[in-house]
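As structure tokens, the structure follows; a few thoughts come after it.
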């Protein structure tokens with residue numbers, strides 16, 4: 001039997017009820033979710049490779065045996081500096097990375113679909129959301145379903161006020177407190193700051209809330225047709241705090257529960 005949950009307005013007050021699709025009853029499979037997330041992430045990896053002639057542009061040759069010196073290739077001259085071989089200054093690498101290596105991980109289509117359904121079901125489990133680290137104090141219910149007016153908000157201030165009225169303030173505060181400067185050389189490589197993952201807002205159609213919410217740390221807005229395992233389970237950990245609009249729930253039911261194509 002389908003579970004019925006409340007729909008809250010932008011003031012955080014109950015404004016109706018809605019039935020959750022059967023997807024929310026899918027067994028939670030962290031192992032399948034992890035495989036799907038890693039497959040998505042691997043598609044973004046940049047292939048690495050080395051020049052096939054790197055370290056080999058030299059006339060160095062081994063002088064053979066019987067001279068009381070190692071048999072590594074050496075350049076001509078009295079100094080006899082080693083070259084070409086791995087372990088010598090400027091020499092080739094023993095096993096360099098090659099750009100031909102297949103770094104994209106692929107999973108079966110049905111397994112990918114199961115991972116998506118499982119990640120969606122995890123957003124409806126309070127235990128999973130809490131174990132992932134989200135602060136749920138003050139949130140009236142999980143999953144949190146909001147009226148469709150949320151999709152049309154066009155100001156960051158309005159989105160913040162709505163999230164506060166819905167009880168998400170504690171999680172927003174957790175994200176703000178987590179912002180820090182990354183340790184190590186990552187600071188030099190375009191990822192200086194590091195912060196926790198905040199709430200996810202799933203909408204049927206982005207009518208302005210995406211641009212309005214992008215300046216709120218940790219908050220992400222995704223159309224229901226663009227959902228994937230990585231968005232719902234960042235870092236392969238399921239149970240992200242998710243806010244659904246009522247129309248997003250209806251669209252989810254049409255896409256995956258009534259045989260319609262995404």
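The ellipsoid equivalent to the alpha-carbon distribution of the chain has semi-axes of 54, 21, 15 angstrom, derived from the gyration tensor eigenvalues as √(5λ) and listed largest first. Per residue, the convex hull spanned by the alpha carbons of the stretch 129-168 comes to 81 Å³.
Bridge orientation summary for the chain: considering DSSP beta bridges with both residues in this region, about 45 percent are antiparallel.
With the cut-off at 1.5 for a/c, could you classify the stretch 1-130 from its C-alpha gyration tensor as rounded, prolate or oblate?
Verdict is prolate for the stretch 1-130.
P(r) for the stretch 68-162, from all Cα pairs and a bin width of 5 Å, is 2, 8, 10, 8, 9, 9, 6, 6, 5, 6, 5, 6, 7, 5, 5, 2, 1 %, short bins first.
As an exercise, find the ratio Rg/Rh for the stretch 127-262 from alpha-carbon atoms, using the Kirkwood inverse-distance average for Rh.
Taking Rg over the Kirkwood Rh, I get 0.99.
Packing-based ranking of 194-206, 154-166, 240-252, 49-61 yields 240-252, 194-206, 154-166, 49-61, ordered from highest to lowest mean Cβ neighbour count within 10 Å. In this simple spin-label approximation, residue 70 and residue 89 carry label points 7 Å from Cα along the Cα→Cβ vector, and these lie 1.4 nm apart. A simple spin-label model places pseudo-atoms 7 Å from Cα toward Cβ; at residue 4 and residue 41 they are separated by 4.2 nm. The relative contact order of the stretch 1-142, computed from alpha carbon pairs under 8 Å that lie at least 6 residues apart in sequence, is 26 percent.
Take 29-39, 128-138 and order them by the average number of nearby Cβ atoms within 10 Å per residue, most first; the result is 29-39, 128-138.
Relative contact order of the chain: 23 percent, from C-alpha pairs under 8 Å at least 6 residues apart in sequence. Multiplying the residue separation of residue 192 and residue 57 by 0.36 nm and removing their Cα-Cα distance gives an extension gain of 44.8 nm.
Shape annotation for the stretch 185-251: C-alpha extents along the principal axes are 46, 26, 16 Å, from largest to smallest. Would you please state the base-10 log of I(q)/I(0) at q = 0.13 1/Å for the stretch 14-80, with intensities from the Debye formula using one equal scatterer on every alpha carbon? Treating every Cα as an identical point scatterer, log10 I(q)/I(0) equals -0.71.
Here, each number is a calculation from the coordinates, and none is a lab measurement. None of the values given here were measured: they were computed from a predicted structure. So basically every Cβ, Gly included, is an ideal-geometry build from the backbone, and we count neighbours across all protein chains shown.
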